1. Of the residues that sit in the stretch 103-141 and are farther than 22 Å from residue 245 by Cα and touching a helix residue (DSSP H, G or I) at 6+ places or on another chain (Cβ under 7 Å), which one is surrounded by the fewest Cβ atoms within 10 Å (Cβ to Cβ)?
2. Search the stretch 26-73 for residues being more than 26 Å from residue 273 (Cβ to Cβ) and without any contact (Cβ under 8 Å) to a residue 12 or more places away in the chain, and hand back the single one that is surrounded by the fewest Cβ atoms within 10 Å (Cβ to Cβ).
3. Having 3 or more residues that are over 20 Å from residue 271 (Cβ atoms) is the bar; report the strands (runs of 3 or more DSSP E) wholly within the stretch 1-113 that clear it.
4. So, in the stretch 84-102, of the ones that are over 18 Å from the mean Cα position of the chain (by Cα) and under 19 Å from residue 36 (Cβ atoms), which residue ends up surrounded by the fewest Cβ atoms within 10 Å (Cβ to Cβ)?
5. Out of (1) farther than 25 Å from residue 238 by Cβ; (2) free of Cβ contacts under 8 Å to residues at least 40 places away in the same chain; (3) touching a strand residue (DSSP E or B) at 6+ places or on another chain (Cβ under 8 Å), what's the single condition that is false for residue 257?
């Protein structure tokens, strides 16, 4: 959700509070992430049809005191394609698998029991009085009337061989976020997105790549580099999409003791960390005011 749209949807004060909290959790991720986290900033690139829209968001961010820069002088690899860009200096790049391993190790050291490969088929099989379902876009079969309202959505990726030059040292986003790319520490070009090349096929919980979208990703990588790179890795993952783009966090409306956290609409690295804390605090009796806007009951009202 763009910030100026969030101001219209949530109100200026709530939108600003939401944005500030996400920025705090980017910092928190850096504290927890170690070498999985690099503060690089990010570029959201405006095509010809997006320039005024992105510029309006920039103005709204600046009005409310957020760090943002408008850039029209872009590197040659971008200037021929994009007339401007919104730079977020406080953004970062994350290697999520490393972060998850670090979080799992910290949880285990704190006494948490982690069970893998043991799917919960029904809530009555659990003895706990309080249960949290936090599977985001992966269907759990445990959410009753909410099941399927957080829409499973697939994202596909490619990674190239290490490149001789570092052209994209930070996350880049184009076409309203449908395309995204950066180079990692090894100078591999990581490219994702292009769901709209075959949109209907991507509303799925199946972690599989498809020829059409992989072909679109390869073609885009070739356009960015001016040559076809060798592709060394391909993968797909699933996130939970919500039509209003707000997370779904709080009490389940139909069962006492059941809580939900998910529906991050592709922004789960930061929102998942943030909403984990929010739902834990709420279970402990200290709900944050923002949870009123994330209430799962809104999906069935």
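1. This residue is 114.
2. 73
3. On the way: elements: 37-39, 42-46, 69-71, 84-88, 92-94.
The strands (runs of 3 or more DSSP E) meeting that bar are 42-46, 69-71, 84-88.
4. The extreme case among them is 101.
5. Just one mismatch for residue 257, condition (2).
Every number here is computed from the coordinates shown, using simple stated rules; none is lab data. Computed from a prediction, not measured in an experiment: that's the story for all the values here. All Cβ positions, even for glycine, are placed from backbone atoms using ideal geometry, and neighbour counts span all protein chains on display.
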